[in-house]
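Here is the structure we will look at, set down as structure tokens.
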Amino acid sequence: MHAIFILWLREVKKYSRSRAQIVASLGQPLLYLLVLGFGLGPVFQKSGNGSYLQFVAPGVIGMTVLFTSVFSGIALLFDRQFGFLKETLVAPVPRIRIMIGRTLGGATVAMLQGTLIFAVCVIAGFRPVSLAAIPLGFLFMALIAIVFAAFGTAIGSGLQDMQGFQLIMNFLVLPIFFLSGALFPLHNLPKLLSFITRLDPLSYGVDGLRGALTGETQFGIMTNLAALGVIGVGLLFLGAWRFSKIEI
């Protein structure tokens, strides 16, 4: 447990020391929130779906947690390149604890980023359905963070250099985001697209966030919690197995 705590603390400290990274990481979520939230608001309202800002804010929060947590796993590449990973792996600590510590650290950083974006959303005009719903929203943020931090670790454990990074972004992370329902409703979709969105883990995270914060849900709160829990456990096992295969 001590090793897990040390690795968790190391990941959080790296985040807290990089103020420029914090500011830069807010750029894309703010772009989606302000440009889409206010730009498409009149169109969304005319279609009878209410405020688009209320709809898109949980999706933007989910997007922030997704990218931050995945990048924390892929940061294994940087640690490998500069020798930090080797120093960690030669320590007399089981690799499963190293993986758990890194995953929890990355998930915590993603939660902090998501909290910042949540505050920005409130300033921009987003209003949760009630204050009592906010803790449930943070639970979904935590589940999203753990799921995709483990997912990032599984990916980063298999990459040898940064050449594969762009492929991962274009063919995995971006489709996961765009197919999650973060930017558009998931009802009344074509059957094939509806089936694909149900295979997307982030769909359950965004829908859970939206259900907790606005009261509108496509799959149901319990279904979202169960799906994220099962997927999270599976990805943690996968990430641990992939991490154990890293060669020093």
Original post:
Pick from segment 122-151 the residues that are under 17 Å from the mean Cα position of the chain (by Cα) and under 13 Å from residue 214 (Cβ atoms): which of them is surrounded by the fewest Cβ atoms within 10 Å (Cβ to Cβ)?
Top reply: 136
Subject >> Scope segment 112-121; condition buried (at least 21 other Cβ atoms within 10 Å of the Cβ) and closer than 30 Å to residue 242 by Cβ; matching residues >> reply: 113, 114, 117
Subject >> Of all residues making up segment 187-226, the number that are among the small types (Gly, Ala, Ser), closer than 25 Å to residue 134 by Cβ and over 16 Å from the mean Cα position of the chain (by Cα) >> reply: 5
Original post:
What is the number of the single condition among (1) at pLDDT 90 or above; (2) crowded, with 20+ Cβ neighbours inside 10 Å that residue 239 does not meet?
Top reply: (1)
**OP:** Select, from 234, 239, the only residue that is on the phi < 0 side of the Ramachandran plot and free of Cβ contacts under 8 Å to residues at least 12 places away in the same chain.
**Re:** 234
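Under 26 Å from residue 118 (Cβ atoms) and surrounded by fewer than 15 Cβ atoms within 10 Å (Cβ to Cβ): which single residue out of 208, 234, 181, 229 fits that description? Don't jump to the end; show me each part of the working.
Numbers: 208 fails: surrounded by fewer than 15 Cβ atoms within 10 Å (Cβ to Cβ); 234 fails: under 26 Å from residue 118 (Cβ atoms); 181 fails: surrounded by fewer than 15 Cβ atoms within 10 Å (Cβ to Cβ).
Residue meeting the stated conditions: 229.
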**OP:** Report yes if some residue within segment 81-95 is at pLDDT 75 or above, more than 30 Å from residue 213 (Cα to Cα) and either crowded, with 16+ Cβ neighbours inside 10 Å or among the hydroxyl-bearing types (Ser, Thr, Tyr) (or both); otherwise report no.
**Re:** no
**OP:** For segment 117-132, enumerate the residues that are modelled with pLDDT of 85 or more, farther than 14 Å from residue 62 by Cα and assigned to a helix (DSSP H, G or I).
**Re:** 122, 123, 131
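The values are calculated or read from the model by the stated rules, or taken from the named source; none is laboratory data. Everything quoted here is computed from the prediction, not taken from an experiment. Cβ: placed from backbone, ideal geometry, glycine included. Neighbour counts: every protein chain shown.
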